[in-house]
Amino acid sequence: MKFKTDFVTNSSSTSFVVWGSRLDSEEVIEKFGDKLFESFKKDKYYEGQTKQEFINGVLFNEDLEDLITEKSDNLQLYCSYESEETVLGQYVTQMKDDQTLREFKEQIAEDFLKIGFLVLPEDVKYIEVFEGSE
């Protein structure tokens, strides 16, 4: 039997479950938008798109995920086109058996610092995101 520990999907819904924080998407764009767009302009997929077209497209989220992984391979990213927020965190399954919840939250807070966001351990929350038809 196989267990899927990341995205769980079926034809009608998607879920994303982490210990982490919800960030305002505008703040994420402000912090990373210019850097990612400049890098994208050197990419083979660049065909004269404006910065806003790039940010609204799929490649922005993919490039953002790559950038976050470069700085911290523990953080997982969830961005929704319908939402004004970006969710970052660690999967519940990433917590070690001998680790307390406080230690896990401190580890997550350190990972947020690696990418330039100050999130205190006490502000790290259990987050479930569900999308799809009901």
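Any read-out appearing in this document is the output of simple, stated calculations on the displayed coordinates, not a laboratory observation. A quick note: this is a predicted structure, and the numbers were derived from the prediction, not measured. So basically every Cβ, Gly included, is an ideal-geometry build from the backbone, and we count neighbours across all protein chains shown.
Points to keep in mind about this one:
- Rg over Rh, two decimals, segment 13-134 (C-alpha only, Kirkwood Rh): 1.00
- Cβ crowding within 10 Å, taken as a proxy for footprinting-reagent exposure, orders R22, R102 from fewest neighbours to most as R102, R22.
- Loop sites in segment 76-132: GluC sites (Glu not before Pro), DSSP, at most 11 other Cβ within 10 Å: E82, E84
- Segment 14-132: relative contact order as a whole-number percent, Cα under 8 Å and 6+ apart: 44 percent
- According to the Kirkwood relation over distinct C-alpha pairs, the hydrodynamic radius of segment 29-84 is 11.9 Å.
- Sites listed here are GluC sites (Glu not before Pro) in segment 31-71 whose DSSP assignment is loop and whose Cβ has at most 13 other Cβ atoms within 10 Å: E47.
- By the count of other C-beta atoms within 10 Å, a proxy for reagent exposure, I108, I29, I68 are ordered fewest to most as I29, I68, I108.
- Counting only aspartates and glutamates at least 8 places from K42 when in the same chain, those with an alpha carbon closer than 15 Å to its own are D34, D63.
- Ascending count of other beta-carbon atoms within 10 Å, so fewest first, for Y45, Y91: Y45, Y91
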